[in-house]
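J.: Can you read through this structure? Questions will come right after.
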Amino acid sequence: MLKIGPLLCFLLFSLFACSKQSENNIVPKTVSISTDSIHYLALGDSYTIGTSIDFFDNYPNQTFNLLLGAGFKISAPQIVAKNGWTSIDLENAIVELTSKKNTYQLVTILIGVNNHYQDRSILEFESSFQSVLKSAIVLTGNNPKKVFVLSIPDWGITPFAAGRDKQKIATEIDAYNLICEQYAKKYGANFLNITQGYRLNGFKSDYLAIDGLHPSKLEYAEWSVKLAQQIINVY
């Protein structure tokens with residue numbers, strides 16, 4: 001298992017130092033990690049798209065660039081996500097992918113905030129999330145270690161949630177994330193908790209997009225470094 005935490009620290013510094021995160025010159029050229037070509041599928045909702053920021057600054061694209069810098073042979077992420085999608089919407093979208101028998105060597109999942117925001121049943125979320133996760137594993141050729149589940153951010157900390165019961169939102173988001181974590185462990189996939197760190201910074205102006213709800217490039221960079229390190233450890 002490969003451990004190169006210092007490299008990712010350097011890459012995070014590079015992300016902050018450069019105005020365009022997608023430029024190739026922000027990553028070191030001296031590191032080489034031998035892997036087969038990786039096809040990356042990012043599943044989710046507005047947090048996956050990167051609503052209200054430049055598309056190339058969302059967390060799938062920042063993670064992609066970090067992995068390139070670490071020497072991975074990886075294609076640009078295929079993003080299957082839309083604003084407002086619930087886990088059921090994502091479940092339905094994955095059917096088309098599985099019917100085409102596509103195969104991916106890396107799949108990330110971040111879904112559920114809209115289930116919560118729309119006050120839908122948490123039991124409904126549990127059922128559809130399990131379906132999404134199982135389908136994602138199939139898309140990797142039944143290799144659950146190539147599936148990475150990210151926790152749902154706590155939108156209650158943002159200006160968008162002003163006037164709402166933030167403690168109630170936090171408690172409910174934690175319940176959703178417990179489901180995500182438990183099923184990731186049950187099926188042998190990876191789980192990454194970004195919610196705890198998000199609660200420390202996600203409400204600050206530099207870490208917010210202009211809509212006062214979604215993360216900025218800076219917050220997505222935090223997620224991307226953690227995710228890239230986890231992926232590197234698996235590979």
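J.: At R0 = 22 Å, how high is the FRET efficiency between Val234 and Tyr187 if r is their beta carbon distance? Nearest 0.05 is fine.
T.: 0.90
J.: Could you pull out every residue, at least 5 positions away or on a different chain, whose amide H is within less than 5 Å of the one on Ile79? Hs are placed 1.01 Å off N in the peptide plane, and Pro or chain starts have none.
T.: For Ile79, the qualifying residues are Ala42.
J.: Can I ask one more? Quick one: what are the phi-derived ³J(HN,Hα) couplings along segment 146-156, Karplus 6.51/-1.76/1.60 with θ = phi - 60°, whole Hz, x for glycine and proline?
T.: 9, 10, 10, 9, 9, 5, 7, x, 8, 5, x
J.: How big is D for segment 97-235, in µm² s⁻¹ as a whole number, if Stokes-Einstein is applied with the Kirkwood radius of its Cα pairs at 25 °C and 0.890 mPa s?
T.: The estimated diffusion coefficient comes to 155 µm²/s.
J.: Skipping prolines and chain starts, which residues have an amide H placed within reach, meaning under 5 Å, of the one on His214, given they are 5 or more residues away or on another chain?
T.: Ala209
J.: Tally up the carbon and sulfur contribution to the accessible surface of segment 53-124 as a whole percent, 1.4 Å probe, everything protein left in place.
T.: 52 percent
J.: Determine Rg/Rh for segment 45-153; Rg is computed over alpha-carbon atoms and Rh is the Kirkwood hydrodynamic estimate from the same atoms.
T.: 0.96
J.: In the neighborhood of Gly44, defined by Cβ-to-Cβ distances under 14 Å, what is the net charge if each Lys or Arg adds +1 and each Asp or Glu adds -1?
T.: With Lys, Arg at +1 and Asp, Glu at -1, the net is -2.
The values are calculated or read from the model by the stated rules, or taken from the named source; none is laboratory data. Everything numeric here is computed off the predicted structure, so don't read it as measured data. So basically every Cβ, Gly included, is an ideal-geometry build from the backbone, and we count neighbours across all protein chains shown. When the accessible area is computed, the model is the full protein with side chains, heavy atoms only, and any ligands, DNA or RNA have been set aside. Shrake-Rupley method; radii C 1.70, N 1.55, O 1.52, S 1.80 Å.
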